[in-house]
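S.K.: Before I ask anything, let me first share the structure, which is written out below as structure tokens.
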Amino acid sequence: MARIVGGLGTSHVPMIGRTIAANRQQEVSFRPFFDAYGPVHDWLERVKPDVAIVFYNDHGLNFALDNMPTFAIGAAHEYRNADEGWGEPEPRIFRGAPELSWHMIQSLITDEFDVSTCREMLFDHAGITALDLLFPGHDVPVATIPIVINAVQPPLPTPARCYKLGQAIGRAIASYDGDRKVLVVGSGGLSHELGEFGKINEPFDRMTMEKIVAAPEDLTRYTNDEIVDLAGAQGLELMTWIAMRGAVAGAVDVISSVYHAPISHTGGAMMLIEPAAYG
Ligand code: DHB
Ligand code: FE
């Protein structure tokens, strides 16, 4: 049986990927953000997940405004990366897990989530940054499944809907026959609005991180407009964390957590949780 062994929420900024690619994590002002990944790397070594499901928001790479799925799942044998031009220096290939993808798609559609199914999909910096942070400087040893949430073009899914999507993914994983250890990643946020400096709302970000651990349902009461008011237009990327937490159901333990602001336009936030019953 497949099971969820952990959940990672992380900010994504192209500069993070560039810093890792240059191996300069100890030289930059946001070094504490990287340092908090030390316990994450120890955890990966100990728990050894097989698959990473990565919730993120596509930044115009796969989906432009003329064709915008609310939720889209990759079902490819492999994924390549590409970016808007700031990010990853090298084209790379990430192994997929198509059997598990198709199982999840079937399970989601039975569960009344009519997701878009993508036989081809590109990872943009949102997906890649998370994978680089998890496995800096070497090939990604886990199979990957991208799940894109529309956080760009209204009408947007609500936080409550994204939480339910995560719960449905949790059910899909629990009903998969193959023996897999799954890490669920939410890559986004926290508060920021590109093009507008000073949109970082640190108290909101810190409150959000506490709620992700102890009371995620509280976050599902926000409307999208309220999140934009509090956390900026790109603060909507928080929905990726909410989906991640929906998948990692029940009480959790925090393995590592950090908030370091700013990194570029946003608060550098990271949190690795695992089900309290595990380990
Ligand atoms: C930045 C943040 C993002 O979420 C993103 O997708 C690109 C850049 C930034 O803070 O620079
Ligand atoms: Fe982003």
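S.K.: When the residues of the stretch 201-223 are narrowed to those that are hydrophobic (A, V, I, L, M, F, W, C) and open to solvent by 30 Å² or more (accessible area, probe 1.4 Å), which ends up nearest to Ala233 (Cα to Cα)?
M.R.: Only one residue fits best here, namely Met207.
S.K.: Residue pairs, Cβ under 7 Å, 6 or more apart or interchain, first in the stretch 34-58 and under 16 Å from Arg3 (Cβ atoms), second assigned to a loop (DSSP other than H, G, I, E, B) and at pLDDT 95 or above. List them.
M.R.: Pro49/Val142; Asp50/Val142; Asp50/Arg180; Val51/Ala97; Val51/Val142; Val51/Arg180; Ala52/Val142
S.K.: Moving on to the next point. Just the residues that are among the hydrophobic types (A, V, I, L, M, F, W, C), away from ligand 2 (no atom under 16 Å from the Cβ) and touching a helix residue (DSSP H, G or I) at 6+ places or on another chain (Cβ under 7 Å), please, taken from the stretch 234-267.
M.R.: The answer is Ala247, Ala249, Val252, Val254, Ile255, Val258.
S.K.: Can you list the strands (runs of 3 or more DSSP E) lying wholly within the stretch 1-92 that have 2 or more residues being within 16 Å of ligand 2 (Cβ to nearest atom)? Give the steps one after another, and end with the answer.
M.R.: Numbers: elements: 3-10, 51-56, 71-74, 78-81.
Answer list for the stretch 1-92: 3-10, 51-56.
S.K.: Something else: Does at least one position in the stretch 189-200 carry a residue that is over 28 Å from Ala76 (Cα atoms), small (Gly, Ala, Ser), open to solvent by 10 Å² or more (accessible area, probe 1.4 Å) and modelled with pLDDT of 95 or more?
M.R.: Scanning the stretch 189-200, I find no residue that is over 28 Å from Ala76 (Cα atoms), small (Gly, Ala, Ser), open to solvent by 10 Å² or more (accessible area, probe 1.4 Å) and modelled with pLDDT of 95 or more, so the answer is no.
For (1) of a type outside the set (D, E, K, R); (2) touching a Gly at 6+ places or on another chain (Cβ under 8 Å); (3) more than 26 Å from Ala143 (Cβ to Cβ); (4) open to solvent by less than 10 Å² (accessible area, probe 1.4 Å), each residue gets a yes or a no:
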site	(1), (2), (3), (4)
Gln26	yes, no, yes, no
Arg31	no, no, yes, no
Asp35	no, no, yes, no
Pro39	yes, no, no, no
Asp50	no, no, no, no
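S.K.: Can you report the number of residues in the stretch 146-190 which are part of a loop (DSSP other than H, G, I, E, B) and under 17 Å from Met244 (Cα atoms)?
M.R.: 7
S.K.: For Gln106, indicate whether it is open to solvent by 20 Å² or more (accessible area, probe 1.4 Å) and at pLDDT below 95.
M.R.: No; evaluated as a whole, the condition is false for this residue.
S.K.: List the residue pairs whose Cβ atoms are under 7 Å apart, where the first residue sits in the stretch 210-229 and is modelled with pLDDT of 95 or more, the second is among the acidic types (Asp, Glu) and open to solvent by less than 80 Å² (accessible area, probe 1.4 Å), and the two are 6 or more positions apart or on different chains.
M.R.: So the pair list comes out as Lys211/Asp218.
The values are calculated or read from the model by the stated rules, or taken from the named source; none is laboratory data. Quick caveat, the model's predicted, so the values are computed rather than measured. All Cβ positions, glycine included, derive from the backbone under ideal geometry; neighbour counts span all protein chains shown. Protein only, heavy atoms only, side chains kept; ligands, DNA and RNA dropped before computing areas. Shrake-Rupley method; radii C 1.70, N 1.55, O 1.52, S 1.80 Å.
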